[in-house]
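The values are calculated or read from the model by the stated rules, or taken from the named source; none is laboratory data. What you are looking at is a predicted structure, and each value in this text was computed from that prediction instead of being measured. All Cβ positions, even for glycine, are placed from backbone atoms using ideal geometry, and neighbour counts span all protein chains on display.
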Amino acid sequence: MFINREIIDQVGILTIDRQDALNAVNPHILKELDQAVKDFIADENVGVIILTGAGEKAFIAGADIKLMQQLDTQGALDFGKLGQEVTMTIEDSPKPVIAAVNGFALGGGCEISLACHIRFASENAMFAQPEVKLGLIPGWGGTQRLPRIVGKGNAIELIIGGHMIDANEALRIGLANKVFPLDNLMNEALKFAKLVLGNGPNSVAESLHCINESAGHSLIEGLNLEVEAFSDLFGTDETTEGLMAFVEKRKADFRS
Ligand code: CAA
C-alpha cells in the first residue's frame, strides 16, 4: 500500500507515501490512486478530496524513471494511458480535488497536480516538466492541461526549458493558487475544503463540470451547457434551500 487514506470532517485526504523514491509513481501506485479517488467519490462521508505527498520533500517526483528504462513503445503506451486515466478520474471528480503540493511536483507529479481542481503549494514546493531532459515529453496530460492553466507561452517555456520553478514563480504564472509555509499547508487546504463544504454540493459539481467541459467546446456550446446545468438545478432541494436560506436571512444547510 502506497496511499494512506484518512477522512477528517468530510474531507478525504490521500497521501502518496513512497518516500525513499520521493513519492515517484509506478503503475501499481497509479492504480491504487485511481481506486482511492473513485472510492472517495462514491463515499457519502466525503465532500472534498485533498491529495498530498508524504514527508517534507516531495509531492510526487514524477513517473518512476528506473521503471521507464525498461519500457518499450507498447509498455510506454500502456503506462502513458494509465497515467492519463488517473488524471481524468481526478479531473472528472464531481467532488473538488485540492492538490496540497508539499515539495517537488515534477513531470508526472506536476501533471497529477494539474488534474486537481486547485493547487495550494508550500513555500518549498518546486514545479517542473523536466521530461525533455530525459529525452521524453510529458505523457500524463502536461502538454494539454498546462497551457490551459498558465497560458501557452508560460507552458512552452516550462516544457521546452525543463527547468524547475519555485512556489512564488508558480504563484505568479497561476500554476499555484496560493502559497503557504509548509507547516500550515494542510490547515489551509482543510480550511478551503471547509468553505466549499458549506456550499451546495450539486452546485459545486455542476460548476466543475461546466468549467472542465468548456475546454473542448466553442463559446456557444459552452454557454448552452452552462445554461442547461443552471436551469437543471432549479426545483432541486439544494437550490430551493439555498434561495430560501438567503431570503430567511440564515445560513443554508445543504448537507442534512
Ligand atoms: N523516479 C524514480 N526514482 C526517483 C525519482 C523518479 N522520478 N525521483 C527521485 N527518485 C529517487 C532517486 O533515484 C533516489 O533514490 P536512491 O536513493 O535509490 O538513489 C531518491 O529518490 C532520492 O532522490 P535524490 O537522491 O535524487 O534526491 P535529491 O534531493 O538529490 O534530488 C530531485 C531530488 C531533484 C527531485 C531528483 O531526485 C530528481 O531530479 N528526480 C527526477 C525528477 C524527474 O525527472 N521527474 C520526471 C520523471 S519523467 C515523467 O514523470 C514522465 C511523465 O510525464 C509521466
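Determine whether Phe180 is within 17 Å of the chain's Cα centre (by Cα), closer than 22 Å to Cys110 by Cβ, of a type in the set (Phe, Trp, Tyr) and surrounded by 18 or more Cβ atoms within 10 Å (Cβ to Cβ). Taking the combined requirement at face value, the residue does not satisfy it. Going through (1) of a type in the set (Val, Ile, Thr); (2) under 30 Å from Asp72 (Cβ atoms); (3) outside the structural domain of Ile50 (by TED's automatic domain parsing) one by one, Ile211 falls short only on (2).
If we scan segment 186-193, do we find a residue that is in contact (Cβ under 8 Å) with a residue 40 or more places away in the chain and farther than 26 Å from Lys251 by Cβ? Scanning segment 186-193, I find no residue that is in contact (Cβ under 8 Å) with a residue 40 or more places away in the chain and farther than 26 Å from Lys251 by Cβ, so the answer is no.
Take Ile156 and decide whether it is under 16 Å from the mean Cα position of the chain (by Cα) and either buried (at least 22 other Cβ atoms within 10 Å of the Cβ) or assigned to a helix (DSSP H, G or I) (or both). Against the criterion (under 16 Å from the mean Cα position of the chain (by Cα) and either buried (at least 22 other Cβ atoms within 10 Å of the Cβ) or assigned to a helix (DSSP H, G or I) (or both)), Ile156 does not qualify. The residues listed here are Ile118, Ile156, Ile112; of these, the one that is of a type in the set (A, V, I, L, M, F, W, C) and out of contact with any strand residue (DSSP E or B) (no Cβ under 9 Å at 6 or more places or on another chain) is Ile156.
How about segment 228-245: which of its residues are surrounded by 11 or more Cβ atoms within 10 Å (Cβ to Cβ) and of a type in the set (A, V, I, L, M, F, W, C)? The answer is Ala229, Phe230, Leu233, Leu243, Met244, Ala245. For segment 180-215, give me each residue that is small (Gly, Ala, Ser), part of a helix (DSSP H, G or I), at pLDDT 95 or above and in contact with a helix residue (DSSP H, G or I) (Cβ under 8 Å, 6 or more places away or on another chain). Selection gives Ser203 alone.
One line per residue, one yes/no per condition, for (1) loosely packed, with under 13 Cβ neighbours inside 10 Å; (2) at pLDDT 95 or above; (3) within 30 Å of Lys194 (Cα to Cα):
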residue	(1), (2), (3)
Ile41	no, yes, yes
Glu44	yes, yes, yes
Gly55	no, yes, yes
Ala58	no, yes, yes
Gly62	no, yes, yes
Ile65	no, yes, no
Gly80	no, yes, no
Gln84	no, yes, yes
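Residue count for segment 82-113, restricted to those that are outside any loop (DSSP other than H, G, I, E, B) and either among the polar types (S, T, N, Q) or within 11 Å of the ligand (Cβ to nearest atom) (or both): 15.
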